[in-house]
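Here's the structure, in structure tokens; my notes come after.
The values are calculated or read from the model by the stated rules, or taken from the named source; none is laboratory data. Predicted, not measured: the structure shown is a model, and the values here were computed from it. Glycine also receives a Cβ, built like all others from the backbone with ideal geometry; neighbour counts cover every protein chain displayed. The accessibility values were calculated without ligands, DNA or RNA, using every heavy atom of the protein model including side chains. Shrake-Rupley method; radii C 1.70, N 1.55, O 1.52, S 1.80 Å.
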Amino acid sequence: MARSHADPDQEAEEVTLAVMAASRLLVAISARALASTDSALTLPQLRALVVLETSGPVKLATMAATLGVNPSTALRMAGRLEDSGLIDRRTNPANRREVVLRLTPAGRDVVERVLAHRRAEIRALVERLPAEARAGLVPALEALTRTADEMAVDPVDQTRRIAGLVDDPLSPAPPGAPRNGRGRPKGETA
């Protein structure tokens, strides 16, 4: 689809419309993958589970920021996911006012099944593309992703950096941290 001397505004609009159409396709694939699990989950709930799967245990406030929702919305969603047995919600022992969320084995299983189904459907679609279209798609999508990374701030990473969130808030000593005021954990060297 090479164009010579195309109007940059028209070209940007055509690319925007194509990316939006691809986005709708990917949302539809995600919805079908979710439906394949016989689960009553919504896409936002799946997104919350994927955040927990990729980020590990997180504070409720971090989950809300990552999902771009109010803490009260995240709390209601966490309650539903906990009632379904997909997440575990506990009070942070280091700060009793904080709630920490983590996936249960059942939650991890749902995420793995949905993502595997989605990956298989996307792969089947990509395999139907002509080789030259596939080859051009990879650098274009990588460039789009790199551009988004430059524009986006990952709330989980930002929270970890600013607030010092450890890998597992329910087990607050980060790897290599002194324990009981005695230097490095037993068996670890500098």
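Of note:
- Of the residues making up region 60-93, not one is among the basic types (Lys, Arg) and within 14 Å of Val50 (Cβ to Cβ).
- In the set Glu142, Glu121, only one residue is over 18 Å from the mean Cα position of the chain (by Cα) and not in a loop (DSSP other than H, G, I, E, B); that residue is Glu121.
- Filtered by the rule that a residue be within 15 Å of Ala106 (Cβ to Cβ), of a type outside the set (Lys, Arg) and either open to solvent by 30 Å² or more (accessible area, probe 1.4 Å) or touching an Asp or Glu at 6+ places or on another chain (Cβ under 8 Å) (or both), region 72-84 gives Glu82, Asp83, Ser84.
- Close pairs from region 110-129: first touching a residue at least 12 places away in the same chain (Cβ under 8 Å), partner acidic (Asp, Glu) and open to solvent by less than 100 Å² (accessible area, probe 1.4 Å), Cβ under 7 Å, at least 6 apart: Val111/Glu53
- Output for region 5-38, where each listed residue is closer than 30 Å to Ala116 by Cβ, of a type in the set (Ser, Thr, Tyr) and open to solvent by 40 Å² or more (accessible area, probe 1.4 Å): Ser23, Ser36
- Filtering region 94-108 for residues that are farther than 22 Å from Arg24 by Cβ, open to solvent by 70 Å² or more (accessible area, probe 1.4 Å), in a helix (DSSP H, G or I) and not acidic (Asp, Glu) leaves a non-empty set.
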